[in-house]
Amino acid sequence: MHDGFDTHQLWPYECLRCWHVWEARYTVRRLDDGHGHTVEVWLSNGVPVQPPWAGACCPGCGAFHVTSFPPGYLSRHPELVPAPEPAPVPAPPPVEPLPAVTSAPAMRPRRLLLGLGVPVLLIAGYELYRVVLAVAHTN
């Protein structure tokens with residue numbers, strides 16, 4: 001590649017899904033290959049990208065159903081430019097969590113003790129009663 005020159009273009013877009021309007025800045029590098037052919041390389045932030053008319057993606061919703069306006073269109077139609085986003089509101093200070101209720105976890109062992117202990121005590125009491133009755137009848 002021999003001689004070349006760069007131009008800067010501002011391409012306006014509109015998402016046909018969420019109606020988000022934005023502009024993207026491109027640098028177009030035109031290079032002469034020395035054999036009479038000119039090559040265009042599209043750059044965005046110094047990184048080679050596809051031309052603006054091929055595969056633009058909405059930064060708002062991620063849709064690929066995007067249309068572009070002619071360069072300079074938004075400067076002639078400022079009503080289409082979205083209002084600047086309001087300044088972010090600082091998040092409120094974190095609230096200390098309430099102390100955990102200790103009765104619910106403590107109830108589980110009690111319930112388990114009641115669920116298993118009461119039947120065991122009833123069976124043991126019945127067996128003891130039978131033994132006492134058997135000893136009383138033998139005397």
Any chance the range 75-94 includes a residue that's modelled with pLDDT of 80 or more and charged (D, E, K, R)?
no
Evaluate the following for residue 42: is it more than 26 Å from the chain's Cα centre (by Cα) and either under 28 Å from residue 64 (Cβ atoms) or not assigned by TED's automatic domain parsing to the domain that holds residue 65 (or both)?
yes
Do we have residue 60 as surrounded by 11 or more Cβ atoms within 10 Å (Cβ to Cβ), at pLDDT 80 or above and small (Gly, Ala, Ser) here?
yes
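Residues of the range 95-130 being outside any helix (DSSP H, G or I) and at pLDDT below 70, which ones?
As a first pass, look at the range 95-130 and keep what is outside any helix (DSSP H, G or I): 95-102.
Of everything in the range 95-130, those that are outside any helix (DSSP H, G or I) and at pLDDT below 70 turn out to be 100, 101, 102.
The values are calculated or read from the model by the stated rules, or taken from the named source; none is laboratory data. What you see is a predicted model, and the numbers here were worked out from it, not measured in a lab. As a convention, Cβ positions derive from the backbone with ideal geometry for all residues, glycine included, and neighbour counts pool all protein chains shown.
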